[in-house]
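> Before anything else, here's the structure in question.
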Amino acid sequence: MKKIKIMYALLVAGLLILAGCSSGDSNEILVGEVDPLTDSAAVYGAPQSDALKLAIEEINDAGGVTVDGEDYTFKLIDYDDKGDPNEAVSATQKLIDRDGVKYILGWAVSASAMAAADELGNKDDVLMLVGNAGAQSIVTQGYDNVFRTRPPAGYTGGPAGEFVADQGVKKLAVLGQLEDAIYAEYYEHFKESFEANGGEIVGEESFQLSERDMYTQLNKLMSKNPDAIFVPGSVEPAAFTFKQLRELSFDGDIYGFTGGTPEQFSEVLDDEQMNGIYDLRPLETTYAAMSDVGKDYVENFKEKYDVNPVPSAVNAYDQMYVLKTAIENADSLEVDDLIKEINEMEPPKEAALTYITIDGKMYDPNGQAFTTNVAMQWEDGDWKFLEEMETDAEEYSKFLTEESKK
Amino acid sequence: MNKKRIILTLIILFSFVIPFLDIGSYNLHLVSYSLIWVILAQGLNVIQGFTGYVSIAQAGFFGIGAYSSAILSLNLGISVWLTIPLAIVISGIFGILIGYPALRTQGHYFAIVTMSFTMIIWVFMMSSVKFTGGEEGIPNIPSPSSVFGIDFSLKENYYYLILISVLITILFIYRLMQSRVGRAFITIRENEQLAQAVGISLLKYKMLSFTISAMLGGFAGALYVHYTHFVNPTPFTVDYSLNAILAVILGGSGTIIGPIIGAFIMIFLPEYLRIAEEYRLIIYAVMLILIVFYMPKGITNLIKIAYNKVLSKVARKSETKK
Amino acid sequence: MDIFFQLLLNGVVIGSYYILIALGLSIIFGVLDIPHFAHGSVAMFSGYIAYIVVSSYNANIFVAIIISIIFATIIGVILEIVAYRPVANAPPINSFIIALALMMVIDNVATVIFGSNQVSIKSSSNQVFNFGSVTLSEQRLYLLLTTFILVTGLYIFMKYSKTGKAIRAVSQNKEAAQIVGINTNRISSIVFGLGSAMAGAAGAFMGILFALYPAMGGHTVMKGFAVLILGGLGSFPGTIIGGLLIGITENFGVALLSSSYKDLFAFVILIIVLVFKPSGLFGNRGL
């Protein structure tokens, strides 16, 4: 009996102790973040979160912002959505309702971002700045308060298809995470442009995020004798695809859309096995092609976290500077004022990426920003910048506007 | 007896008042979600607590009910008031289909077979992109159409719908367990061979028990999607089934209050353990192990023991006074 | 159809992995009637330990396998003594819950210690052997060899050694075994040790061929149970055939249908077999 009493008391005590709560300082601006910090999507979510924290630290160290004569620093409240849209919506509700947050950043997973956008799109007093999540529909639903830094996957797919055709590839096999919206969208545009430039897709296979054994799919594809193979997918299954292609002695070229860091790939493959593999992606942090501000960002990230940033993490970094600059320019913390400002503003000078402006503005009428697209190739332990892939941002922006009318 | 009735009535009245208390929309959301879980857990309790067969399929039925109601109302335009009962029926049909092979096994085997079914259902939900929307799921699921001018897209109003569903469910379980059918379930749990010897058709009653669990699971699922307006496969995994099992056990297996307490604990506890987010599940699991070692009959039993001790203390005091 | 043999070989390789997991689980579940849900987590954890040793000291692949096996054996025995033995005589649902809770604890401790990123045990054994149109990598060859050695070793042990006979006695009737003087507690620990050793080997190979990540434990153990029940509890040949069957079916299934349904095959086959033969393919021990 005594055991039970003690247990009970411990239970209750434990619960009380752990049920803490925090209150915000009055000169702090609360910034919310929803990102996958654990589980399989954390490969993109955790670095993005780190980049966001870096930006906030830099801003606060430089004195924060001044609004209406008052000085403020930023404080981050982050929630882990585990790559699950239900958690993301729940976290969004918590941020808005319990924590009183008006600006929510982060968003590495498309499904989470879409579910949350449906929840708070066009809602009063909430601003959503999206990072890595690449699905097209995030910006085509007509939500005034949703903006995204990273271009939709389809924007890169088209130029990539043309690039591969230009390399002389006639017969292409494809193995990718094709059931995932972002890769499916990329591939749709890729296929169209590749075929329009004279290429032929000889086989299409898919893998899931958690799959590691691609032998069967690769065997099937290789029996069709392709010149090259294209692998659009998340870095983890893609790395194994690359490894197994080498094991199966595939002698064609390997093109990818994966966005992984040297550390992530070297977990799985040798440098020698990686040599020559291409990555066709939006200009993120693929260092050789970047501006000085961009290079500084990478250095600072490495210094603070001891690893290279995942290429797409920079989107969250820039988002934070967008927020800060908008607040400064509008001299207001009100969401309505900020939305007006963001719609008009140029890219912030502290932004790490170089943006293609539409009508001189950072964001197009859909709330989408654009960078250029680049082809990278692995050499000696890292991605080397090869060339820019021809892209027409304005054209794509018009395409998005058409899509949003449907 | 009377005391119990009074307490019960007070609790029910209180639950009707909750939306008017200023607890914030997030906390109201947690309460609503807990109530949906009460239905899920009560369903599981029928096959697990009362009949003694631990099923890992409850999340699967939750999902079947959810997707059924979502697809029927969104794609076929059928009124939500109709799709929810339809979802219950569909879940019941799956209960029969799955129960038939599964109930030929017992104990741990049965658990693993039901687990396999949940996996199959889950993989199907993830892969049939055209039908279920795959991993991204189905958005924009409608709310029930208004009745008597009540707008059910408002969370406060939907709360009442959930609450009434919970009360109906609990009443149903109460009556079920008082009936011959309920007693047959318990007999099967206590001693299957004896049950057979006294003429209880094992297969018939086990199937009935499992099907009822499935239907209640589906009911919870249907209520869930018209509340969140969104469905994707994530809540329908083996993990969630395990959470449901824990809810029933923590609260008190084979009792009526048990699943209620268990459901609320499962939903609210993670909120309070948020401070130690990384360690939360470890603390959780360790607590569970300690509970199994020291409090195997669950919290309801603990409360019963505490209640009885208080009563006996009071009785002793009045005796010494004499 | 010249990829037929490659697919078949792939299936046998993956099937070997399943055999390692399922056989270990089979001993524990078969002899002690404990649904050891944490079995896959043990495989994962010992795999991680092997990874750490290999990457810190640049050890080779064989060291990794052995370390993983040893570590898993130790963890297994500890789990038996600390977590399962206290509820050995309690209603079965208690060991069920303990098993689930252990899985949660080990998986999450692993997440805290190792992070949620995947890791691979890198090795310099990167040779590839070609037999006509069929390719077999060095690492996969080692998996086949290890499985063969461990399975044969276990079989001989169970059939001919004194302890093996004692184990079989306990699995038939625990009380009778106690009456004839067998120390059932010791046997329980040995059973957990043996079963977990197999898990250790599996974990090492998962890390060598593919990758380890904290959440893999649950997934692994579910497939393990499917193989186990499919083959028939307590049947050596059943588990082996079951493992190979599922490995091969998964590979051909992916080739013929689609990879999205890959995980389904094991469970669908399980259900089909159970409908016709509730005790599994080779099972004769009832349910």
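> Being outside any strand (DSSP E or B) and either polar (S, T, N, Q) or open to solvent by 40 Å² or more (accessible area, probe 1.4 Å) (or both) is the filter here, so list the residues in region A:168-179 that pass it.
Residues satisfying the conditions are A:GLY168, A:LYS170, A:GLN177, A:GLU179.
> Something else about it: Sort out which residues of region C:121-149 are open to solvent by less than 50 Å² (accessible area, probe 1.4 Å), of a type in the set (A, V, I, L, M) and touching a residue at least 12 places away in the same chain (Cβ under 8 Å), and write them in order of number.
C:ILE121, C:VAL134, C:LEU136, C:LEU143, C:LEU144
> If I filter region A:348-363 down to residues being over 30 Å from A:LEU269 (Cα atoms) and touching a Lys or Arg at 6+ places or on another chain (Cβ under 9 Å), which single residue comes out as modelled with the lowest pLDDT? Steps first, answer last, please.
Residues of region A:348-363 over 30 Å from A:LEU269 (Cα atoms): A:348-351, A:354-363.
Retained after the next criterion (residues that are touching a Lys or Arg at 6+ places or on another chain (Cβ under 9 Å)): A:348, A:350, A:363.
Working: A:PRO348: 90, A:GLU350: 87, A:TYR363: 91.
Out of the qualifying residues, it is A:GLU350.
> Another question about this same structure. Six or more apart or on different chains, Cβ under 8 Å: which pairs go from a residue in region A:330-349 that's in contact (Cβ under 8 Å) with a residue 60 or more places away in the chain to one that's assigned to a helix (DSSP H, G or I) and not polar (S, T, N, Q)? Could you list them?
A:SER332/A:LEU338; A:LEU333/A:ILE327; A:LEU338/A:LEU323; A:LEU338/A:ALA326; A:LEU338/A:ILE327; A:LEU338/A:ALA330; A:ILE342/A:VAL322; A:ILE342/A:ALA326
> Here is a list of conditions, (1) open to solvent by 60 Å² or more (accessible area, probe 1.4 Å); (2) within 14 Å of another protein chain (Cβ to nearest Cβ), and B:LEU82 meets all of them except one; can you say which number that is?
Going through the list (1) open to solvent by 60 Å² or more (accessible area, probe 1.4 Å); (2) within 14 Å of another protein chain (Cβ to nearest Cβ), B:LEU82 breaks only (2).
> Picking from C:ILE229, C:ILE240, which residue would you name as being under 30 Å from C:VAL63 (Cβ atoms), among the aliphatic types (A, V, I, L, M) and under 14 Å from the mean Cα position of the chain (by Cα)?
C:ILE240
> Scan A:THR241, A:THR286 and give me the residue that is among the polar types (S, T, N, Q), touching a strand residue (DSSP E or B) at 6+ places or on another chain (Cβ under 6 Å) and at pLDDT 85 or above.
A:THR241
> For residues that are open to solvent by less than 10 Å² (accessible area, probe 1.4 Å) and either out of contact with any Asp or Glu (no Cβ under 9 Å at 6 or more places or on another chain) or closer than 28 Å to A:ASP71 by Cβ (or both), tally how many sit in region A:282-314.
Going through region A:282-314 one residue at a time, the tally reaches 8.
> A further question on this structure: Among (1) assigned to a loop (DSSP other than H, G, I, E, B); (2) over 30 Å from A:TYR103 (Cα atoms), there is one condition A:ARG150 misses while meeting the rest; what is its number?
Unmet condition: (2).
> Anything in region B:200-239 that is modelled with pLDDT of 85 or more, open to solvent by 20 Å² or more (accessible area, probe 1.4 Å) and among the aliphatic types (A, V, I, L, M)? List them, or say none.
Within region B:200-239, B:LEU202, B:LEU203, B:MET207, B:LEU208, B:MET215 qualify.
> Can I ask one more? Only one residue in B:THR51, B:THR9, B:THR83, B:THR114 is hydroxyl-bearing (Ser, Thr, Tyr) and modelled with pLDDT under 90, so which one is that?
Exactly one residue qualifies, and that residue is B:THR9.
> Here is a further query. Only residues in region C:235-247 that are touching a residue at least 12 places away in the same chain (Cβ under 8 Å) and within 12 Å of C:LEU281 (Cα to Cα) count as the first member; pair them with residues that are outside any helix (DSSP H, G or I) and open to solvent by 50 Å² or more (accessible area, probe 1.4 Å), Cβ under 6 angstrom, at least 6 apart or cross-chain, and list the lot.
That search, which allows pairs on different chains as well, returns C:SER235/C:PHE282; C:PRO237/C:PHE282; C:GLY238/C:LEU281; C:GLY238/C:PHE282.
> In region B:182-199, what residues are crowded, with 18+ Cβ neighbours inside 10 Å and of a type in the set (A, V, I, L, M, F, W, C)?
The answer is B:ALA184, B:PHE185, B:ILE188, B:ALA195.
> Still on this structure, I have one more. Considering each residue of region C:117-136, count those that are among the small types (Gly, Ala, Ser), within 30 Å of A:THR261 (Cα to Cα) and more than 22 Å from the chain's Cα centre (by Cα), and give that number.
Going residue by residue through region C:117-136, those that are among the small types (Gly, Ala, Ser) are C:120, C:123-125, C:132-133.
Imposing the further condition that a residue be within 30 Å of A:THR261 (Cα to Cα) reduces the set to C:120, C:123-125.
Okay, now just the ones that are also more than 22 Å from the chain's Cα centre (by Cα), so C:123-125.
Total satisfying the criteria: 3.
> In addition: Inspect all residues belonging to region B:105-123 and state whether any of them is within 14 Å of chain C (Cβ to nearest Cβ), touching a residue at least 60 places away in the same chain (Cβ under 8 Å), of a type in the set (Gly, Ala, Ser) and surrounded by 21 or more Cβ atoms within 10 Å (Cβ to Cβ).
There is no residue in region B:105-123 that is within 14 Å of chain C (Cβ to nearest Cβ), touching a residue at least 60 places away in the same chain (Cβ under 8 Å), of a type in the set (Gly, Ala, Ser) and surrounded by 21 or more Cβ atoms within 10 Å (Cβ to Cβ).
> For a quick check of your reading of the model, give me the residue pairs whose first member lies in region A:264-280 and is at positive phi, whose second is of a type in the set (A, V, I, L, M, F, W, C), with beta-carbon atoms closer than 9 Å and at least 6 apart or on different chains.
Cβ pairs passing all conditions: A:GLY276/A:ILE254; A:GLY276/A:TRP378.
> If you take the residues of region A:181-221 that are open to solvent by less than 40 Å² (accessible area, probe 1.4 Å) and in a loop (DSSP other than H, G, I, E, B), which of them is nearest to the other protein chains (Cβ to nearest Cβ)?
Filtering region A:181-221 for residues that are open to solvent by less than 40 Å² (accessible area, probe 1.4 Å) and in a loop (DSSP other than H, G, I, E, B), the one nearest to the other protein chains (Cβ to nearest Cβ) comes out as A:ARG212.
> Scan (1) surrounded by fewer than 20 Cβ atoms within 10 Å (Cβ to Cβ); (2) within 30 Å of B:ILE141 (Cα to Cα) for the single condition A:GLY106 breaks and write down its number.
With respect to (1) surrounded by fewer than 20 Cβ atoms within 10 Å (Cβ to Cβ); (2) within 30 Å of B:ILE141 (Cα to Cα), A:GLY106 is out only on (1).
> Look at A:PHE230 and say whether it is touching a Leu at 6+ places or on another chain (Cβ under 9 Å), in contact (Cβ under 8 Å) with a residue 60 or more places away in the chain and buried (at least 18 other Cβ atoms within 10 Å of the Cβ).
yes
> Taking the residues in region C:86-120 that are in contact with a strand residue (DSSP E or B) (Cβ under 8 Å, 6 or more places away or on another chain) and at pLDDT 85 or above as candidates, determine which candidate is surrounded by the most Cβ atoms within 10 Å (Cβ to Cβ).
C:SER120
> Follow-up. Of everything in region A:217-238, what is β-branched (Val, Ile, Thr) and at pLDDT 90 or above? Give them in sequence order.
Correct list: A:ILE229, A:VAL231.
> Kindly provide the set of residues from region C:207-262 that are hydroxyl-bearing (Ser, Thr, Tyr) and farther than 26 Å from C:ALA99 by Cα, ordered by number.
Once the filter is applied, which keeps residues that are hydroxyl-bearing (Ser, Thr, Tyr) and farther than 26 Å from C:ALA99 by Cα, region C:207-262 yields C:THR249, C:SER258, C:SER259, C:SER260, C:TYR261.
> Now for a different question. So how many residues does region A:116-135 have that are closer than 23 Å to A:GLU188 by Cβ and modelled with pLDDT under 85?
Residues in region A:116-135 being closer than 23 Å to A:GLU188 by Cβ and modelled with pLDDT under 85: 3 in total.
> Find all pairs meeting these conditions: Cβ atoms under 9 angstrom apart; at least six residues apart or on different chains; first residue within region A:127-145 and under 18 Å from A:LYS340 (Cβ atoms) and open to solvent by 20 Å² or more (accessible area, probe 1.4 Å); second residue part of a helix (DSSP H, G or I) and among the charged types (D, E, K, R).
Close Cβ pairs satisfying both conditions: A:GLY142/A:LYS405; A:TYR143/A:ASP118.
> How many residues are in contact with a strand residue (DSSP E or B) (Cβ under 7 Å, 6 or more places away or on another chain), open to solvent by 10 Å² or more (accessible area, probe 1.4 Å) and aliphatic (A, V, I, L, M) when one looks only at region A:321-338?
Here is the first cut: in region A:321-338, the residues in contact with a strand residue (DSSP E or B) (Cβ under 7 Å, 6 or more places away or on another chain) are A:322-324, A:327-328, A:331-333, A:335, A:338.
Cutting the leftovers down to open to solvent by 10 Å² or more (accessible area, probe 1.4 Å) gives us A:324, A:328, A:331-333.
Retained after the next criterion (residues that are aliphatic (A, V, I, L, M)): A:333.
The qualifying residues number 1.
> Separate question: When residues of region A:79-103 are filtered for being open to solvent by 10 Å² or more (accessible area, probe 1.4 Å), under 19 Å from B:GLU135 (Cβ atoms) and among the hydrophobic types (A, V, I, L, M, F, W, C), how many remain?
Selection size over region A:79-103: 1.
> Anything in region B:137-172 that is over 17 Å from the mean Cα position of the chain (by Cα) and aliphatic (A, V, I, L, M)? List them, or say none.
B:ILE138, B:ILE141, B:VAL147, B:ILE150, B:LEU154, listed by residue number.
The values are calculated or read from the model by the stated rules, or taken from the named source; none is laboratory data. Keep in mind the model is a prediction, meaning the values are calculated, not measured. We place every Cβ from the backbone using ideal geometry, glycine too, and count neighbours over all the protein chains shown. Remember, those area values only see protein heavy atoms, side chains included, never the ligands or the DNA or RNA. Shrake-Rupley method; radii C 1.70, N 1.55, O 1.52, S 1.80 Å.
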